[in-house]
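Have a look at the structure below before the remarks.
The values are calculated or read from the model by the stated rules, or taken from the named source; none is laboratory data. Just so it is clear, the model here is predicted, and its values are computed rather than measured. Here the Cβ is made from the backbone with ideal geometry for all residues, glycine too, and neighbour counts use every protein chain on show. When the accessible area is computed, the model is the full protein with side chains, heavy atoms only, and any ligands, DNA or RNA have been set aside. Shrake-Rupley method; radii C 1.70, N 1.55, O 1.52, S 1.80 Å.
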Amino acid sequence: MKIEDIIKTKVELDDSKKVILNILYTQSIVTEKMNEILKPFDLSGEQYNVLRVLRGQKGNPANMCDIQERMITKNSNTTRLIDKLLIKELVTREICPVNRRKMEIKITEKGLELLTILDPKVIENERLFSNNLQENELKQLNNLLEKYRKLDK
């Protein structure tokens with residue numbers, strides 16, 4: 001469905017505006033579907049992202065800066081996210097023995113088990129969105145989005 005039909009406009013939109021509206025609308029649909037997967041597990045998308053970042057550490061701790069740098073949503077309040085994951089016993093937080101100003105965050109076994117349950121659901125969700133595109137179209141879309149994101153200053 002065209003974006004003009006979705007937003008019910010009769011006004012002619014220029015291509016730059018249509019791209020922005022299409023990206024924003026698509027992002028909201030992708031987020032909504034992901035939230036449907038995470039809601040039964042009492043997880044937000046940002047909390048899920050933190051768990052995935054920590055799993056990628058392969059048992060090594062990460063500090064808050066490392067986690068923040070790898071987050072998809074860069075303006076997330078990482079401390080608040082970690083606090084919530086601590087309450088759920090999905091991560092641990094300890095003072096770094098080398099630098100007492102740093103906190104070391106690790107995913108727990110419970111956190112790893114939760115990701116193991118979520119992995120097939122997330123993969124199925126990703127396939128749901130990519131089913132309408134050929135492999136070369138997916139590559140092209142990724143290239144175009146990466147090119148689009150690059151701002152010349």
| note | Descending accessible area (1.4 Å probe), largest on the left, turns Thr108, Thr79 into Thr79, Thr108
| note | Tilt, helix 135-149 to longest principal axis of the chain (alpha-carbon atoms), in degrees rounded to tens, equals 80 degrees
| request: Starting from the Cα gyration tensor of region 84-153, take the square roots of the eigenvalues, sort them a ≥ b ≥ c, and report rounded, prolate or oblate (rounded when a/c is under 1.5, otherwise prolate if a/b is larger than b/c, else oblate). | output: oblate
| Among 110-122, 8-20, what's the highest-first ranking by average C-beta atoms within 10 angstrom per residue? | 110-122, 8-20
| task | Could you work out how far helix 45-55 tilts from the main Cα principal axis of the chain, as a 0 to 90 degree angle to the nearest 10? | result | 50 degrees
| remark: Filtered hits (lysines, Cα-Cα < 28 Å from Lys84, offset >= 8 within chain) -> Lys33, Lys39, Lys58, Lys74, Lys102, Lys106, Lys110, Lys121
| Solvent exposure of the chain as accessible area per residue, Å², 1.4 Å probe | 75 Å²
| task | Heavy atoms only, probe 1.4 Å: what % of the accessible area of the chain goes to carbon and sulfur, would you let me know? | result | 53 percent
| query | What label, among (i) 1.08; (ii) 0.98; (iii) 1.05, belongs to Rg/Rh (Cα atoms, Kirkwood Rh) computed from the structure on display? | reply | (iii)
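Report the FRET efficiency, 1/(1 + (r/R0)^6), for Thr9 and Ile29, where r is their Cβ-Cβ distance and R0 is 30 Å, rounded to 0.05.
0.95
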